[in-house]
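Participant: First, the structure itself, so that you have it in front of you.
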Amino acid sequence: MADYYGLLGLDRGASQDDIKKAYRKIARELHPDVNPDPEVQNKFKEVTAAYDTLSDPQKRQQYDMGGQGGFGGGFGGGGFSDIMDAFFGGGGNRGPRPRMRQGQDALIRIEVDLNEACFGTERDITLESAVICQKCEGQGTANQSAPSMCPVCKGRGETQFVQKSFLGQVMTSRPCNNCSGYGSVITDPCRECGGDGRVRARQTINIKVPAGVETGNRIQLAGRGEVGQGGGPAGDLYVEIVEEEHEFLLRDGDNLHIAIEVSFAAASLGTTVAVETLDGPVKVEIKAGTQSGATVPIKGKGMTRLRTTHRGDLIVHVDVATPHKLSRDQEKLLKDFASSRGEKEGDVKIKGHREGLLSKFRDAFGR
């Protein structure tokens, strides 16, 4: 016979309150939703069986006298339904189910700007979720009372009935409608939570957003989700990142892109311009003869790569501005300039797709 007191870490003189506290503590660690390891699940079943027996005065008395703590006799203490279960695989969830349940996960979304996504940030968020009832400490009962045995199923959590089949009359079981399968009923529920063991409340949580996040990334906060029924362990909170669009910087993975416009003269003669980055203005050299559509990379001024200190590049796309209107003197100067280069009116050079401006931008922006 299993040592139920040993499984819960108790001695035989433990009170009902000691039994509840011991079970709650162990169940939080061993619950299948928290630790899916098969060996741990078997341990959880043993601990639950110990609690089901010791928390019921009649079952506990029978156990202390050397019995197994269940009901029924013959066939090893089970009954005809147990024999049918052995042949047909039924009864997988026999016995009362625990009131304590694993809480659900929760999901929220927060917006971050490009600067926060690159360097990381902290954010205090306020949300409403299920938290443990402080008045009854998750027990669901008022005045430190305890659930009483269900008068319908006598603590089994299920009721049995006989139905006809090709084998004749067969006894089957189903969860007790009176106690919903718990084997006990709360006759004096907590006024605060109504017997659920949890209440809805607003709470503020500090979230650390790591450097390098982008839209769709999720931050997992273990145990910050919804508290489970009966004061069960809380689920996890997932924070999904939504990155706001920047005014002039375009993100492409770890790299950033920016478009600037320089005059025809500056592109021809070369110049130095100040380009805005996430780190502030940076001087960029535009070499003489730069063509429209050319790119100038600035190393290490892009986005931080998630979970590293490495940063991508900032790619500067240069657009050479062509004057819309010229004075007579300017027009004459340009004609003289073209003539000095041997250029003739109507001259044109056909360029392939790989040389064109459109393909350069497609390559740069992944389109």
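The values are calculated or read from the model by the stated rules, or taken from the named source; none is laboratory data. Everything numeric in this text was worked out from a predicted model, so none of it was measured. With ideal geometry, Cβ positions are generated from the backbone for all residues, glycine too; neighbour counts draw on all protein chains shown. Accessible surface areas use protein heavy atoms only, side chains included; no ligands, DNA or RNA. Shrake-Rupley method; radii C 1.70, N 1.55, O 1.52, S 1.80 Å.
Participant: Please list, in chain and number order, the residues 5+ apart from residue 106 or on another chain whose amide H is under 5 Å from its amide H, with Hs placed from the backbone.
Facilitator: 226, 236, 237, 238
Participant: Further question: Would you list, by chain and number, the lysines whose Cα falls below 27 Å from the Cα of residue 301, excluding same-chain residues fewer than 8 positions away?
Facilitator: Of all the lysines, those that pass the test against residue 301 - Cα under 27 Å, at least 8 places apart if same chain - are 208, 283, 287, 360.
Participant: Averaged per residue, what accessible area in Å² does region 219-261 show with a 1.4 Å probe, protein chains only? List each step's numbers first, then the result.
Facilitator: Numbers: 1930 Å² over 43 residues.
Each residue of region 219-261 exposes 45 Å² on average to a 1.4 Å probe.
Participant: Sort 338-345, 51-58, 145-152 for me by packing, meaning the mean count of neighbouring Cβ atoms within 10 Å per residue, highest on top. Working shown, then result.
Facilitator: Details: 338-345: 8.9, 51-58: 20.8, 145-152: 16.5.
The packing order, highest mean first, is 51-58, 145-152, 338-345.
Participant: Please give the length that would be gained between residue 327 and residue 260 if that part of the chain were fully extended, namely 0.36 nm times their separation in residues minus their C-alpha to C-alpha distance (nm, one decimal). Intermediate results must be reported in sequence, preceding the final value.
Facilitator: Details: separation 67, 0.36 × 67 = 24.12 nm, distance 2.56 nm.
Between residue 327 and residue 260, full extension yields 21.6 nm more.
Participant: Mind putting a number on the dipole of region 168-231 about its Cα centre? Charges go on the C-beta only, +1 for Lys and Arg and -1 for Asp and Glu, and I need it in Debye to the nearest 20.
Facilitator: Values: 8 positive and 5 negative charges, 33 e Å.
So the magnitude is around 160 debye.
Participant: Keeping all protein chains in the complex and leaving out DNA, RNA and ligands, what accessible area do you get for residue 269 with a 1.4 Å probe, in Å² to the nearest 10?
Facilitator: Solvent-accessible area, nearest 10 Å²: 140 Å².
Participant: Given H placed on each backbone N at 1.01 Å, which residues far from residue 286 in sequence or on other chains put an amide H within less than 5 Å of it?
Facilitator: When sequence neighbours closer than 5 places are left aside, the close amide H contacts are 271, 272, 273.
Participant: So, by mean Cβ neighbours within 10 angstrom, what's the order for 19-30, 211-222 with the highest one leading?
Facilitator: Numbers: 19-30: 18.5, 211-222: 15.0.
Per-residue Cβ counts within 10 Å, averaged per peptide and sorted highest first, yield 19-30, 211-222.
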